[in-house]
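Have a look at the structure below before the remarks.
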Amino acid sequence: MTAPMPPNAGQFALLWGAVALLLIGGGISLARLWKPNNTLRLTAKSMAYFAICLALSALIWHAWNRRSWLPIEDNFEALLALAVALVGFTLYVQRARPIPGLDWFLMPIAVLMLAAAGLFGEIKPGAYQPNELWRLAHRMSTFGGVAAFGVAAGVGTMYLIASAKLRRKNLVGASPMGSLERLENLADWALSFGFALLTVGIVTGLIEILERGSKTELGPHWMTSPKVILAFTVWVVYAIALHTPITPAVRGRKSAMLSIVGFVLIFATMLAVLYMPGGR
Amino acid sequence: MQRLIVLGLNHTTASLDLREKLVFTPPQRHEALTGLRQKFTDCEAVLLSTCNRVELYVARQTHGHPKQQELVEFLGQSRGLKLHEFQSNLYEKSERDVITHLFSVASSLDSMVLGETQILGQVREAYDAAREAGTTGPMLHPLFQRATAVAKQVMTQTSLGEGRTSVATVAIEYARRIFDVFSDKTVLSIGAGKMSRLMLANMAALKPGKLLVCNRNPTKADALAREFGGSAVPMENLAEYLAASDIVVSGTGSTQPIITRSLFESVMRKRRYRPVFLIDIAVPRDVAADVAKIENVYLYNMDDLQQAVMATRSQRSAAVEAANEIVDREVREFVAWNRARMMGPLIDQLYQKSHAVAREELDRIIGKLSNVSPQDQRQLEDLTRRIVNKLLHDPVQALRGSDPDHAAMSQYLHAVQQLFRLNLEDQIPGKTATDGADGDPSAHKA
């Protein structure tokens with residue numbers, strides 16, 4: 001077990017620097033809606049790369065200070081690692097097989113995560129102590145699930161906009177956002193991946209509770225704690241969103257809407273974990 | 001000093017018959033370029049020959065050869081045509097107009113189909129052919145390289161290249177926005193009329209996995225299906241084929257909708273609600289309007305497609321304006337770069353020659369004077385240098401600030417060259433360049 005160590009001013013500066021770069025890059029990228037320009041595209045992309053470098057530097061610095069390299073031991077580094085993974089994923093997709101506008105929808109989620117790292121990291125440093133296998137599996141799978149659901153929500157929003165444009169029969173104007181089929185495939189992939197991780201997270205969390213009983217942070221009334229209720233609700237929402245093979249009517253726009261609802265709920269679960277009494 | 005000219009004809013000035021007679025095949029072009037170079041050793045030339053235009057770009061000394069008439073005769077001789085057959089169809093542009101023209105041509109602004117990219121490839125090909133023939137030099141190298149860059153800029157920074165100009169191409173654009181991969185998709189055409197054929201021709205270009213044609217007349221259905229490598233299916237089993245199809249083009253002569261909401265709801269259930277693209281090109285309509293309300297159904301009728309075409313065209317006028325702005329800006333930059341490139345050596349030589357004359361005269365007078373101390377000599381040298389500099393200051397400034405739109409820059413430079421008897425043959429940078437790298441205006445901009 002490592003000792004709790006709050007992030008220092010330098011690490012916060014790097015984190016807020018990354019947020020600023022992502023926001024400026026996002027603004028520049030959005031400017032392409034009015035003036036399609038390759039220089040703007042490259043500038044926005046460079047900003048995202050610089051932001052990743054800053055966030056990674058903060059992460060490595062923090063890990064070095066803690067002498068622990070698993071980035072899930074406190075809110076600061078866990079959220080930071082998630083945001084880096086999300087920005088990295090976006091840049092990878094845009095490089096491998098670009099979906100126009102993907103960054104407009106995923107980068108705000110990364111910014112949200114970084115901002116949460118900046119705020120909650122200071123409030124509750126050293127929140128986790130992954131000294132047991134179950135706890136470790138629980139943290140890793142839930143955090144991974146959040147990142148995947150972030151992607152699904154972002155892509156789901158894109159699907160809704162693209163579908164609305166097609167229904168309005170609007171070909172003219174801003175650039176397309178990739179085909180509906182591609183967006184649906186990407187959202188399905190992110191949902192499946194996130195759902196698998198969330199399921200592992202819930203099961204391992206349950207094992208932890210059963211092993212330790214009322215000694216867990218959730219206390220004796222763990223079943224009615226906001227974290228457990230919200231986590232289960234999120235699981236049900238994603239289960240519905242994903243069960244298109246059984247009831248195919250829930251696909252396309254409905255599935256996209258459920259992805260967004262699920263992400264809002266999972267974010268609420270995180271807030272519950274961080275703020276509400278007995279939330280953890 | 002070099003003068004830039006273009007001589008040519010295109011689809012707006014000459015008929016297809018005439019264009020066909022003047023067109024150059026690659027070997028003929030090579031032969032023509034080498035022939036031109038043998039005849040006029042100092043000139044540079046690029047010959048652009050496409051189905052829509054034949055243009056000869058030439059850079060030559062200001063009062064050198066070939067003159068316009070010599071170029072016309074050369075074109076006629078190369079293709080075995082008499083002058084009266086084509087001379088009236090030719091246009092000639094010089095200096096700045098040539099640059100504007102080439103940048104517009106490469107950007108497809110002068111093309112029959114706006115936004116087509118084929119012309120850029122043809123311009124590049126013409127430039128490569130001229131390089132191979134050794135007929136490009138310090139003027140045409142940078143000009144053609146810049147033209148290529150400008151065309152790319154126009155294509156990436158404007159929506160000119162978004163080629164949606166017909167109902168069929170708009171339908172394809174919609175299809176691409178719904179589906180990502182077409183190799184696992186099925187296209188069904190209900191009806192086998194002219195419009196259905198046109199639509200199928202465009203859809204076939206997407207290379208769908210299956211192409212089906214359904215028509216009351218099996219012979220017509222079979223003929224159309226075979227034309228595009230598809231298969232004909234019976235009209236009686238329409239619902240079954242609708243469920244199996246991802247893109248449906250309907251264009252029958254039926255007076256009542258053949259696809260109703262209730263029919264299509266059952267079709268969607270069978271399809272497990274996979275998205276479907278319905279294109280109704282029939283008038284009166286084949287598909288009931290309320291079919292569009294079913295989830296994951298994207299229905300477009302003739303009106304929708306035509307409105308998209310109209311909207312695209314009005315959007316294009318904005319794109320043309322934006323493209324013209326890019327071309328104008330790039331022409332200004334190229335002209336400025338070219339002025340600096342040509343003026344520098346000339347001004348240098350003007351100063352060198354004037355100072356040499358002053359120095360010569362000064363040495364002569366010092367030789368005649370007695371008791372000139374070294375200090376006096378330095379004073380005299382300063383005096384002559386200042387006089388020369390002051391005398392040249394105004395003309396040089398006037399030359400630098402001369403308005404390129406008022407008179408051709410090469411005329412100014414030529415006048416200075418003649419008035420002061422300057423010889424720049426060996427001083428123009430990049431004169432012997434073969435790859436044009438030294439003369440790339442984009443490098444100058446960077």
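In the set (1) under 21 Å from A:M270 (Cβ atoms); (2) part of a loop (DSSP other than H, G, I, E, B), the condition left unmet by A:I109 is number (2). If you go through the stretch A:173-183 and keep only what is at pLDDT 85 or above and at the interface with another protein chain (Cβ under 8 Å from one of its Cβ atoms), you end up with A:S179, A:L180, A:E181, A:R182.
Can you name the residue in the stretch A:245-263 that is at pLDDT below 70 and facing another protein chain (nearest Cβ under 8 Å) and is also nearest to B:E265 (Cα to Cα) among such residues? Among those that are at pLDDT below 70 and facing another protein chain (nearest Cβ under 8 Å), it is A:A249.
Taking the criterion of being modelled with pLDDT of 90 or more, assigned to a helix (DSSP H, G or I) and within 21 Å of B:G121 (Cα to Cα), would at least one residue in the stretch B:57-69 satisfy it? Can you show your working first?
Here is the first cut: in the stretch B:57-69, the ones modelled with pLDDT of 90 or more are B:57-59.
Keeping just the survivors that are assigned to a helix (DSSP H, G or I) gives none.
Among the residues of the stretch B:57-69, not one is modelled with pLDDT of 90 or more, assigned to a helix (DSSP H, G or I) and within 21 Å of B:G121 (Cα to Cα), which makes the answer no.
Tell me, yes or no, whether the stretch B:141-151 has at least one residue that is at pLDDT 90 or above and within 24 Å of A:E184 (Cα to Cα). Looking through the stretch B:141-151, none of the residues is at pLDDT 90 or above and within 24 Å of A:E184 (Cα to Cα). Applying the condition of being facing another protein chain (nearest Cβ under 9 Å) and part of a loop (DSSP other than H, G, I, E, B) to the stretch B:164-184 and asking which residue is modelled with the lowest pLDDT yields B:R164.
If the condition is being touching a Lys or Arg at 6+ places or on another chain (Cβ under 7 Å), aliphatic (A, V, I, L, M) and closer than 17 Å to B:M302 by Cβ, then the stretch B:169-222 contributes only B:V170.
Quick grid of which residues meet (1) over 42 Å from the mean Cα position of the chain (by Cα); (2) assigned by TED's automatic domain parsing to the domain that holds B:A205; (3) over 13 Å from B:G191 (Cβ atoms):
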position	(1), (2), (3)
B:L224	no, yes, no
B:G230	no, yes, yes
B:M235	yes, yes, no
B:A239	yes, yes, yes
B:L242	yes, yes, yes
B:T252	no, yes, no
B:T260	yes, yes, yes
B:S266	yes, yes, yes
B:R272	yes, yes, yes
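When the residues of the stretch B:1-26 are filtered to those that are in contact with a Phe, Trp or Tyr (Cβ under 7 Å, 6 or more places away or on another chain) and of a type outside the set (A, V, I, L, M), which remaining residue is nearest to B:R53 (Cα to Cα)? Taking the candidates together, the pick is B:G8. In the stretch B:33-50, the residue that is surrounded by the fewest Cβ atoms within 10 Å (Cβ to Cβ) out of those that are over 23 Å from the mean Cα position of the chain (by Cα) and over 23 Å from B:N338 (Cβ atoms) is B:Q38. With respect to the conditions (1) at pLDDT below 60; (2) surrounded by 12 or more Cβ atoms within 10 Å (Cβ to Cβ); (3) closer than 23 Å to B:S94 by Cβ; (4) not small (G, A, S), B:D405 falls short on a single one, namely (2).
Number of residues in the stretch B:6-47 that are assigned to a loop (DSSP other than H, G, I, E, B) and β-branched (V, I, T): the value is 5.
Return the total of residues in the stretch B:9-30 being closer than 13 Å to B:A130 by Cβ and surrounded by fewer than 16 Cβ atoms within 10 Å (Cβ to Cβ).
To start, the set of residues in the stretch B:9-30 that are closer than 13 Å to B:A130 by Cβ comprises B:24, B:26, B:29-30.
After this cut, where a residue has to be surrounded by fewer than 16 Cβ atoms within 10 Å (Cβ to Cβ) as well, the list is B:26.
Going through the stretch B:9-30 one residue at a time, the tally reaches 1.
Only residues that are basic (K, R) and within 14 Å of chain B (Cβ to nearest Cβ) were counted across the stretch A:133-172, and they come to 4. For the stretch A:76-110, a tally of residues being of a type outside the set (A, V, I, L, M, F, W, C), closer than 17 Å to A:F50 by Cβ and at pLDDT 85 or above returns 3. Screening the stretch B:185-216 for residues that are among the polar types (S, T, N, Q) and modelled with pLDDT of 90 or more and picking the one that is surrounded by the fewest Cβ atoms within 10 Å (Cβ to Cβ) gives B:T186.
Here A:K45 passes the criteria (1) under 18 Å from A:V146 (Cβ atoms); (2) assigned to a helix (DSSP H, G or I) except the one numbered (1). The number of residues in the stretch B:301-325 being surrounded by 13 or more Cβ atoms within 10 Å (Cβ to Cβ), over 30 Å from B:L263 (Cβ atoms) and away from every other protein chain (no Cβ under 11 Å) comes to 4.
Considering the stretch B:360-400 alone, what residues qualify as being within 30 Å of B:R341 (Cα to Cα) and basic (K, R)? Residues satisfying the conditions are B:R385, B:R386, B:K390, B:R400.
When the residues of the stretch A:54-76 are filtered to those that are in a helix (DSSP H, G or I) and free of Cβ contacts under 8 Å to residues at least 40 places away in the same chain, which remaining residue is nearest to A:F12 (Cα to Cα)?
Restricting attention to the stretch A:54-76, the residues satisfying the condition of being in a helix (DSSP H, G or I) are A:54-66, A:75-76.
In the following step, the residues that additionally are free of Cβ contacts under 8 Å to residues at least 40 places away in the same chain were identified as A:56, A:59-60, A:63-64.
Numbers: A:L56: 12, A:L59: 10, A:I60: 13, A:A63: 14, A:W64: 15 Å.
Filtering the stretch A:54-76 for residues that are in a helix (DSSP H, G or I) and free of Cβ contacts under 8 Å to residues at least 40 places away in the same chain, the one nearest to A:F12 (Cα to Cα) comes out as A:L59.
For beta carbons closer than 6 Å, sequence separation of 6+ or different chains, a first residue in the stretch A:25-53 that is more than 15 Å from A:L106 (Cα to Cα) and a second that is of a type in the set (D, E, K, R) and crowded, with 18+ Cβ neighbours inside 10 Å, the qualifying pairs are A:L40/A:R32. Take the conditions (1) within 14 Å of another protein chain (Cβ to nearest Cβ); (2) of a type in the set (V, I, T); (3) surrounded by 21 or more Cβ atoms within 10 Å (Cβ to Cβ); (4) out of contact with any Phe, Trp or Tyr (no Cβ under 9 Å at 6 or more places or on another chain); B:V105 misses just one of them, which is (1). Taking residues in the stretch B:146-157 that are more than 13 Å from B:G115 (Cβ to Cβ) and away from chain A (no Cβ under 12 Å), and partners anywhere that are part of a helix (DSSP H, G or I) and basic (K, R), the pairs with Cβ atoms closer than 7 Å and at least 6 places apart or on different chains are B:T148/B:R124. A Cβ distance below 6 Å, combined with a sequence gap of six or more or placement on separate chains, defines the contacts here; from the stretch B:281-300, residues that are within 9 Å of another protein chain (Cβ to nearest Cβ) and touching a residue at least 24 places away in the same chain (Cβ under 8 Å) reach residues that are hydrophobic (A, V, I, L, M, F, W, C) and not in a loop (DSSP other than H, G, I, E, B) in the pairs B:Y298/A:L166; B:Y298/B:I178; B:Y298/B:F277; B:Y300/B:I279.
The single condition among (1) surrounded by 23 or more Cβ atoms within 10 Å (Cβ to Cβ); (2) at pLDDT 90 or above that B:R53 does not satisfy is (2). When the test is whether a residue is out of contact with any Pro (no Cβ under 9 Å at 6 or more places or on another chain), over 16 Å from A:L21 (Cβ atoms) and either of a type outside the set (F, W, Y) or crowded, with 20+ Cβ neighbours inside 10 Å (or both), A:L102 passes it.
The values are calculated or read from the model by the stated rules, or taken from the named source; none is laboratory data. Since the structure is predicted, the reported quantities are computational estimates derived from the model, not experimental observations. Every residue, glycine among them, receives a Cβ derived from its backbone with ideal geometry; neighbour counts consider all protein chains shown.
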